[in-house]
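What follows is a single structure, written as structure tokens, with notes after it.
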Amino acid sequence: MPKTEVTASEVQPKVAAQPITGMAVVAPALAWLIPGAGHLIQKKWGRGLLLMFSVALLFVLGILMEGKIYKPNTGDLLDMLGFVGDAGAGGLYIISRIMDLGTLPIAHATADYGTKFIVISGLLNVMAMVDAYHIAIGKKQ
């Protein structure tokens, strides 16, 4: 009996593409605007409330520590990355920019920690957006 070669594409199972639903678009967008809301609209109450509390607490503590809120710019690479992290907090970032918060120069160590708290809150919210999307497409429970 002759041997036949098996290609890698024949060995790996084919995975069907997940259909894009309205929830798959709305959940991450709402999660960006209001931290935790992407989970709440999918009835993931515990996870949604925990994310809402955590992101908001980190952001508010950062503001109270006089942390810097980055503005969009094309200058220093670290400032650009800081802006991306801050903008991930969505509505909290927009409100803080409207209220002109986080504009004081960093004068002491706690302000530097506050800046990091604000960036971390935005990055945590980005992770929450991805999680809300995965729940919406049925990839995660």
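The values are calculated or read from the model by the stated rules, or taken from the named source; none is laboratory data. This is a predicted model, so every value here is computed, not measured. With ideal geometry, Cβ positions are generated from the backbone for all residues, glycine too; neighbour counts draw on all protein chains shown.
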Complete set of residues in the stretch 31-53 that are within 16 Å of Gly88 (Cα to Cα), surrounded by fewer than 19 Cβ atoms within 10 Å (Cβ to Cβ) and free of Cβ contacts under 8 Å to residues at least 40 places away in the same chain: Phe53
Answer from Leu58, Leu51, Leu40 - the residue that is within 25 Å of Asp100 (Cβ to Cβ) and touching a Leu at 6+ places or on another chain (Cβ under 9 Å): Leu58
Candidate set: the stretch 91-123, residues that are assigned to a helix (DSSP H, G or I), over 30 Å from Ala27 (Cα atoms) and not aromatic (Phe, Trp, Tyr); chosen: the one modelled with the lowest pLDDT: Ala109
Qualifying residue in the stretch 76-90 (condition: free of Cβ contacts under 8 Å to residues at least 60 places away in the same chain, surrounded by fewer than 17 Cβ atoms within 10 Å (Cβ to Cβ) and not in a helix (DSSP H, G or I)): yes
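Every residue, every condition in (1) closer than 14 Å to Met65 by Cα; (2) free of Cβ contacts under 8 Å to residues at least 24 places away in the same chain; (3) among the polar types (S, T, N, Q); (4) surrounded by fewer than 20 Cβ atoms within 10 Å (Cβ to Cβ), yes or no:
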site	(1), (2), (3), (4)
Ile106	yes, no, no, yes
Ala128	no, no, no, no
His134	no, yes, no, yes
Gln141	no, yes, yes, yes
Lys3 being on the phi > 0 side of the Ramachandran plot and either over 17 Å from the mean Cα position of the chain (by Cα) or at pLDDT below 80 (or both): no
